[in-house]
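First comes the structure, then the notes that go with it.
The values are calculated or read from the model by the stated rules, or taken from the named source; none is laboratory data. The shown structure was predicted, so the numbers you read here are calculated from the model rather than taken from an experiment. For neighbour counting, all protein chains shown are included, and Cβ atoms are generated from backbone atoms with ideal geometry for every residue, glycine included.
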Amino acid sequence: MDAHLRKIQEIRLFRGVDRSAIADLLQSCATFSCYQPGEEIFAVGSHGQEMFILPTGRVRVLLSQDANSQKEIPIRGPDIFGEMAFLDQGPRSGTAIAEESLELYRLDRIPTQEYFTRHPALGLEIMRNLTIVLARKLRRTNAVLLQELRHLPDKKGDDADGDTSEATTMVNPESVALQASLSAFARTRNSGRFAQSIVP
């Protein structure tokens, strides 16, 4: 695990967290799994409550845009993925596939909540970091969506560089859902005060 810990400590989720604390969290709450190239880690629509920690290697996540097209998101370690289901236990939005032989840590929601109840300072630090991770991903998603919307003709046939305020309104409500998911996770096992500290 020592070699993995050096990589895992580079992940934004664990910034400011001591290596020994990360090791204890993983030993208490995570399951170690190995995957072969091309093996499915989880499928779109499946329900889960785990977040995956990728020390090294590559994963691709396939998002189905419609019946005939897919968008591929590459993930390269050290990184995390599957964090939204970890927060809200909702269906997976994509299919994750190992690009090479991988060793992953699957961080389970329920034991992690219980662990954070016993170690609230650590829980607060990690959940704040997770808020930042998700906010950055949301910003990137918004940027991509707005870029695509700018190239779509509007109902009046205006130029593609026209007003995008309506597009912004369409995209930004996701940030409300993100805050709700984080708050729900915090409230499940902790006090309201702790929840308010995690979600500004």
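Return the residues of region 1-21 that are part of a helix (DSSP H, G or I) and not basic (Lys, Arg); say none if nothing qualifies.
If the condition is that a residue be part of a helix (DSSP H, G or I) and not basic (Lys, Arg), then ASP2, ALA3, HIS4, LEU5, ILE8, LEU13, PHE14, SER20, ALA21 are the ones that fit.
Is it true that some residue in region 96-117 is surrounded by fewer than 17 Cβ atoms within 10 Å (Cβ to Cβ), under 20 Å from GLN9 (Cα atoms) and among the basic types (Lys, Arg)?
Among the residues of region 96-117, not one is surrounded by fewer than 17 Cβ atoms within 10 Å (Cβ to Cβ), under 20 Å from GLN9 (Cα atoms) and among the basic types (Lys, Arg), which makes the answer no.
Considering each of GLU72, GLU114, GLU103 in turn, give the residue that is of a type in the set (Asp, Glu), modelled with pLDDT of 95 or more and not in a helix (DSSP H, G or I).
GLU103
Which of the residues that make up region 6-27 are surrounded by 15 or more Cβ atoms within 10 Å (Cβ to Cβ) and within 13 Å of HIS119 (Cα to Cα)? Walk me through it before giving the result.
Within region 6-27, the first condition is being surrounded by 15 or more Cβ atoms within 10 Å (Cβ to Cβ), and the residues that meet it are 7-9, 11, 13-14, 17, 21-23, 25-26.
VAL17, ALA21, ILE22, LEU25 - these are the residues of region 6-27 that are surrounded by 15 or more Cβ atoms within 10 Å (Cβ to Cβ) and within 13 Å of HIS119 (Cα to Cα).
Results for (1) assigned to a loop (DSSP other than H, G, I, E, B); (2) farther than 19 Å from LEU87 by Cβ; (3) not aliphatic (A, V, I, L, M); (4) not assigned by TED's automatic domain parsing to the domain that holds LEU130, shown as yes or no for each residue.
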site: ALA23; (1), (2), (3), (4): no, yes, no, yes
site: GLY45; (1), (2), (3), (4): yes, no, yes, yes
site: ILE53; (1), (2), (3), (4): no, no, no, yes
site: THR56; (1), (2), (3), (4): yes, yes, yes, yes
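Select from region 112-135 the residues that are of a type in the set (D, E, K, R) and in contact (Cβ under 8 Å) with a residue 24 or more places away in the chain and write down the one among them that is farthest from LEU26 (Cα to Cα). First the steps, then the outcome.
Just the residues of region 112-135 that are of a type in the set (D, E, K, R), to begin with: 114, 118, 125, 128.
Of the ones still in play, those that are also in contact (Cβ under 8 Å) with a residue 24 or more places away in the chain are 114, 125, 128.
Details: GLU114: 13, GLU125: 16, ARG128: 18 Å.
The extreme case among them is ARG128.
Considering (1) surrounded by 18 or more Cβ atoms within 10 Å (Cβ to Cβ); (2) at pLDDT 95 or above; (3) on the phi < 0 side of the Ramachandran plot, say which one GLU40 fails and leave the rest.
Among (1) surrounded by 18 or more Cβ atoms within 10 Å (Cβ to Cβ); (2) at pLDDT 95 or above; (3) on the phi < 0 side of the Ramachandran plot, GLU40 violates only (1).
Can we say PRO55 is surrounded by 15 or more Cβ atoms within 10 Å (Cβ to Cβ) and within 19 Å of the chain's Cα centre (by Cα)?
It is true that PRO55 is surrounded by 15 or more Cβ atoms within 10 Å (Cβ to Cβ) and within 19 Å of the chain's Cα centre (by Cα).
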